[in-house]
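Novice: I have a structure I would like to understand better, so I am pasting it below and will then ask my questions one at a time.
The values are calculated or read from the model by the stated rules, or taken from the named source; none is laboratory data. As the structure is a prediction and not an experimental result, all values here were calculated from the model. All Cβ positions, even for glycine, are placed from backbone atoms using ideal geometry, and neighbour counts span all protein chains on display.
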Amino acid sequence: MKFNPAIPCGFALDLLLADPGWMPHPVVCMGRAISALEGFLRPRLPQTQEGELLGGATLAAALSTGTFAFTSGVCALTRKLHPAAGFALETLWCWQALALKGLAVESAQVQKELEQGDLPAARKAVGRIVGRDTQALTAEGVTKAAVETVAENFSDGVAAPLFYMLLGGAPLALTYKAVNTMDSMVGYKNHRYLYFGRAAAKLDDAANLIPSRLAALCWVGGAFLTGQDGKNAWKIWRRDRRRHASPNSAQTESACAGALRVQLAGPASYFGKVVDKPTIGDPDRPVEPQDITRANRMLYAAGGLALAGGLALKALACRWRK
């Protein structure tokens, strides 16, 4: 496959503009489609374990294949109308598939509230970017939550979309976003989604298997580039990368904990229920608000490495195929 200039252009737009609130976003449409499909499927299937599994598998298949077919078709049609229009559309969708600057901006707001001593505002700010309950978090808990989400979301908000862009352009990147959005909406192990959400969770695990590990390596590189402890990032990643129920979630989180020489993860509350998760990293020092800035510096550096490395590998592959 030849070089796709829409990828670096989309990356640059994300760095410059993040995610403007006024602009319609594909993820919103995906969320509505997921809710509509769930509402359509549930009443029409047996209210049994097998029925729930079948409904969830149907949802996962319909959303992923539908997203890829629709976005591929629109891209192809737009390119036929005019190459410049096709390039503009794919650049837009590459931009919208990424979430680097938006993640950095939101987490920086958490740090700002912490440094001003406004814990309720910090809890509210971190609640916009994490899935856990935040109303009872201490200042340290808010800080840890922000650092963890910066590290974890580097994988599914930057590295994985880039990975799929390089393989199949904006349509494949948006298909990944659809899978990831579906997991965030139905991939829970609670009464409602234990069986219905299983296919979505498994599909998301599979989609992130390779990108999450590449993301961790980029994060280790980002630690070296930003003056953090890159050697310890590598050490803790090697040791703690499997310390999570998900095969992917601890990959970048462990590298971040090692780079900062702090301990992350541990018990957290979700929907009023405390989940006893293992800790990641060593408590060499307490977590502090400035760690959010340090994590964001590594986020930008790791993102740059992911883009540069991906484009370089793609260029080598193109030359080899010639």
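Novice: Could you grab me the full set of residues in the range 216-255 that are crowded, with 23+ Cβ neighbours inside 10 Å, under 22 Å from Gly187 (Cα atoms) and of a type in the set (Gly, Ala, Ser)?
Specialist: Matches in the range 216-255: Ser249, Ala250.
Novice: Can Ala57 be described as in contact (Cβ under 8 Å) with a residue 40 or more places away in the chain and surrounded by fewer than 20 Cβ atoms within 10 Å (Cβ to Cβ)?
Specialist: Numbers: in contact (Cβ under 8 Å) with a residue 40 or more places away in the chain: yes; surrounded by fewer than 20 Cβ atoms within 10 Å (Cβ to Cβ): yes.
The answer is yes for Ala57.
Novice: Sticking with this one: Report every pair of residues separated by at least 6 positions or lying on different chains whose Cβ atoms are under 6 Å apart, first residue within the range 187-199 and in contact (Cβ under 8 Å) with a residue 24 or more places away in the chain and in a loop (DSSP other than H, G, I, E, B), second buried (at least 18 other Cβ atoms within 10 Å of the Cβ) and among the acidic types (Asp, Glu).
Specialist: Tyr195/Glu52; Phe196/Glu52
Novice: Could you list, ordered by first residue, the pairs with Cβ atoms under 9 Å in which the first is in the range 221-250 and under 22 Å from Pro267 (Cβ atoms) and in contact (Cβ under 8 Å) with a residue 40 or more places away in the chain and the second is of a type outside the set (Lys, Arg) and surrounded by fewer than 16 Cβ atoms within 10 Å (Cβ to Cβ), at least 6 apart or interchain?
Specialist: Asp240/Pro278; Asp240/Thr279; Pro247/Leu209; Asn248/Leu209
Novice: Can you pull out every residue in the range 126-150 that is over 11 Å from Ile292 (Cβ atoms) and assigned to a helix (DSSP H, G or I)?
Specialist: Selection gives Gly127, Ala139, Glu140, Gly141.
Conditions (1) aliphatic (A, V, I, L, M); (2) under 21 Å from Ala178 (Cβ atoms), marked per residue:
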| site | (1), (2) |
| --- | --- |
| Pro5 | no, no |
| Leu16 | yes, no |
| Gly51 | no, no |
| Ala57 | yes, yes |
| Ala60 | yes, yes |
| Gly66 | no, yes |
| Ala69 | yes, yes |
| Ala76 | yes, yes |
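Novice: If you scan the range 218-274, which residues turn out to be among the basic types (Lys, Arg) and over 17 Å from the mean Cα position of the chain (by Cα)?
Specialist: Restricting attention to the range 218-274, the residues satisfying the condition of being among the basic types (Lys, Arg) are 231, 235, 238-239, 241-243, 261, 273.
If the condition is that a residue be among the basic types (Lys, Arg) and over 17 Å from the mean Cα position of the chain (by Cα), then Lys231, Lys235, Arg238, Arg239, Arg242, Arg243, Arg261, Lys273 are the ones that fit.
Novice: Also, quick follow-up: Residue by residue through the range 71-86, note down the ones that are crowded, with 17+ Cβ neighbours inside 10 Å and not small (Gly, Ala, Ser). Break it down stepwise before answering.
Specialist: Initially, the range 71-86 is screened for residues crowded, with 17+ Cβ neighbours inside 10 Å, giving 71-72, 75, 78, 86.
If the condition is that a residue be crowded, with 17+ Cβ neighbours inside 10 Å and not small (Gly, Ala, Ser), then Thr71, Cys75, Thr78 are the ones that fit.
Novice: Turning to a different aspect of this structure: Does Ala97 satisfy the condition of being touching a helix residue (DSSP H, G or I) at 6+ places or on another chain (Cβ under 6 Å), in contact (Cβ under 8 Å) with a residue 40 or more places away in the chain, of a type outside the set (Phe, Trp, Tyr) and within 20 Å of Ala295 (Cα to Cα)? Give the steps one after another, and end with the answer.
Specialist: Details: touching a helix residue (DSSP H, G or I) at 6+ places or on another chain (Cβ under 6 Å): yes; in contact (Cβ under 8 Å) with a residue 40 or more places away in the chain: yes; of a type outside the set (Phe, Trp, Tyr): yes; within 20 Å of Ala295 (Cα to Cα): no.
Criteria not met by Ala97.
Novice: Report, by residue number, each residue of the range 87-118 that is surrounded by fewer than 15 Cβ atoms within 10 Å (Cβ to Cβ) and either of a type in the set (A, V, I, L, M, F, W, C) or in contact with a Ser or Thr (Cβ under 7 Å, 6 or more places away or on another chain) (or both).
Specialist: If the condition is that a residue be surrounded by fewer than 15 Cβ atoms within 10 Å (Cβ to Cβ) and either of a type in the set (A, V, I, L, M, F, W, C) or in contact with a Ser or Thr (Cβ under 7 Å, 6 or more places away or on another chain) (or both), then Ala88, Val105 are the ones that fit.
Novice: Sticking with this structure for a sec: Kindly list, by first and then second residue, each pair from a residue in the range 265-289 that is touching a residue at least 40 places away in the same chain (Cβ under 8 Å) and aromatic (Phe, Trp, Tyr) to a residue that is surrounded by 13 or more Cβ atoms within 10 Å (Cβ to Cβ) and not in a strand (DSSP E or B), limited to pairs with Cβ atoms under 6 Å and residues at least 6 apart or on different chains.
Specialist: Tyr270/Arg132
Novice: If you don't mind, another one. Exactly one condition in (1) touching a helix residue (DSSP H, G or I) at 6+ places or on another chain (Cβ under 8 Å); (2) of a type outside the set (Phe, Trp, Tyr); (3) at pLDDT below 95 is not met by Arg261; state its number.
Specialist: Status for Arg261: all satisfied but (3).
Novice: Taking the condition of being under 30 Å from Tyr193 (Cβ atoms) and surrounded by fewer than 13 Cβ atoms within 10 Å (Cβ to Cβ), how many residues in the range 276-307 meet it?
Specialist: Number satisfying all stated conditions: 1.
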